[in-house]
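As structure tokens, the structure follows; a few thoughts come after it.
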Amino acid sequence: MDRATTADCKGNVWHNLEACGWAGPANTGYPIGTTLKPTVGRTITVDNTVIDGEKIAGALKIAAKNVTIKYSWIISDFSILGTGRALNGTGVVSIEPGASATILHSTLDGSNATHAGIWHSGTSMTAIGNNIFGVNDGIFSWSDRSSPTAGWNVTIEDNYLHDFTILAANGHIDGYQTEGASHGVIRHNTFYITQAQNAAVSIWNSMRDSDDFLIDNNLAAGAGFIMYAEDYHPSEQNPKGGYSVTNVVHSNNRFSTALYPCAGYYGVWYPRGSPTDGWHRSGNVILETGENVDFANPHVNGQPCG
């Protein structure tokens, strides 16, 4: 009998990710059995470069347009710089202002000494089917002041983001984070954050407006609150008149209680702030119980989380 018909996709989904149709260790990263060519970290400066089937010791910096990285294993380690905030802005793959890249079915290992799996301050970034771990933030869209569209235009699909570290950057873990970017699709990823802090997806506006994000059909467990979409500029207490957070849609996401009874340690939705134009949520449920959480945080034993 086909395994997919017998797997427990609610109570035991984390041991059956691939059989249940989610991104997991067996269907992300470079394909098992691939013969990888040993190379070293470097800066890519030629447009349309393709990196295929490499085991890269060191970080990749992308300073060219339309670069493709596929079926590769990249291992970065910035511990020579120190720990914590000394590692701010480092990436297993870094996309520089004006550059663009597509990262496909690759393994991005930050060795617990790298800020982000993908540090994106370019014009566009696509990440599909990657296995990302050993970093503080899975993917970070950085609003670099040198470009008005830095960190924009992201497509993040079918990635497995897990085994995060608090030892790099500020220690606040996020699967995806931006402090001001626009035009993003975050669809059908798996986020597993064992630490009881921060989020699977955080969309903020401390540096510029955030607009037009679809967060759809993801599986997530852990963190503090799993989802942040908050206008907090110029302050959380009084966000009127600053940058905005608009057109952020959360749809059909599955939040799991595998790590914490409230899915996140505190709940699903960060309750002290919201997008400038309000929440746009539909079809979001707790995986194990089926409770709809479009309008509030989940309940445990009849009591509300958050």
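Scanning region 198-254 for residues that are open to solvent by 20 Å² or more (accessible area, probe 1.4 Å) and among the β-branched types (Val, Ile, Thr) returns 246, 249. Pairs meeting the criteria (first residue in region 156-168 and touching a residue at least 40 places away in the same chain (Cβ under 8 Å), second residue surrounded by fewer than 21 Cβ atoms within 10 Å (Cβ to Cβ) and not small (Gly, Ala, Ser), beta carbons under 6 Å, at least 6 apart or on different chains) are 158/128; 158/188; 165/112; 167/83; 167/112. In summary, residue 151 fulfils each of the numbered conditions (1) under 21 Å from residue 106 (Cβ atoms); (2) open to solvent by less than 10 Å² (accessible area, probe 1.4 Å); (3) within 11 Å of the chain's Cα centre (by Cα); (4) not polar (S, T, N, Q) with the single exception of condition (3). Cβ separations smaller than 8 Å between residues 6+ apart or across chains give no pair from region 274-291 residues that are farther than 30 Å from residue 238 by Cα and open to solvent by less than 20 Å² (accessible area, probe 1.4 Å) to residues that are at pLDDT below 95 and assigned to a strand (DSSP E or B).
Cβ-Cβ distances below 8 Å connect the following pairs, each with a first residue in region 68-88 that is within 12 Å of residue 112 (Cα to Cα), a second residue that is surrounded by fewer than 18 Cβ atoms within 10 Å (Cβ to Cβ) and basic (Lys, Arg), and a separation of six or more residues or different chains: 75/55.
Which of the residues spanning region 19-43 are surrounded by 15 or more Cβ atoms within 10 Å (Cβ to Cβ), without any contact (Cβ under 8 Å) to a residue 24 or more places away in the chain and within 23 Å of residue 78 (Cα to Cα)? Result: 39, single match. Put simply, of 64, 101 the only residue that is open to solvent by less than 10 Å² (accessible area, probe 1.4 Å), without any contact (Cβ under 8 Å) to a residue 60 or more places away in the chain and assigned to a loop (DSSP other than H, G, I, E, B) is 64. Report whether or not residue 121 is open to solvent by less than 10 Å² (accessible area, probe 1.4 Å), under 20 Å from residue 168 (Cβ atoms) and in contact with a Lys or Arg (Cβ under 7 Å, 6 or more places away or on another chain). In short, no. Scan region 28-35 and tell me whether some residue there is outside any loop (DSSP other than H, G, I, E, B), at pLDDT 95 or above, under 23 Å from the mean Cα position of the chain (by Cα) and among the polar types (S, T, N, Q). So far as region 28-35 goes, no, none of its residues is outside any loop (DSSP other than H, G, I, E, B), at pLDDT 95 or above, under 23 Å from the mean Cα position of the chain (by Cα) and among the polar types (S, T, N, Q). Tallying residues that are β-branched (Val, Ile, Thr) and either surrounded by fewer than 22 Cβ atoms within 10 Å (Cβ to Cβ) or out of contact with any helix residue (DSSP H, G or I) (no Cβ under 9 Å at 6 or more places or on another chain) (or both) within region 104-117 yields 1. Evaluation of residue 57 against the conditions (1) more than 20 Å from the chain's Cα centre (by Cα); (2) open to solvent by less than 50 Å² (accessible area, probe 1.4 Å); (3) closer than 19 Å to residue 31 by Cα shows that the sole unmet condition is (2).
Which members of region 89-98 meet the condition of being under 20 Å from residue 39 (Cβ atoms) and either without any contact (Cβ under 8 Å) to a residue 60 or more places away in the chain or among the charged types (D, E, K, R) (or both)? Result: 91, 92, 93, 94, 95, 96.
The values are calculated or read from the model by the stated rules, or taken from the named source; none is laboratory data. Not measured: the values here are computed from a predicted model. Note that we place each Cβ from the backbone using ideal geometry, even for glycine, and neighbour counts take in every protein chain shown. Areas reflect the complete protein model, heavy atoms only, side chains present, ligands, DNA and RNA absent. Shrake-Rupley method; radii C 1.70, N 1.55, O 1.52, S 1.80 Å.
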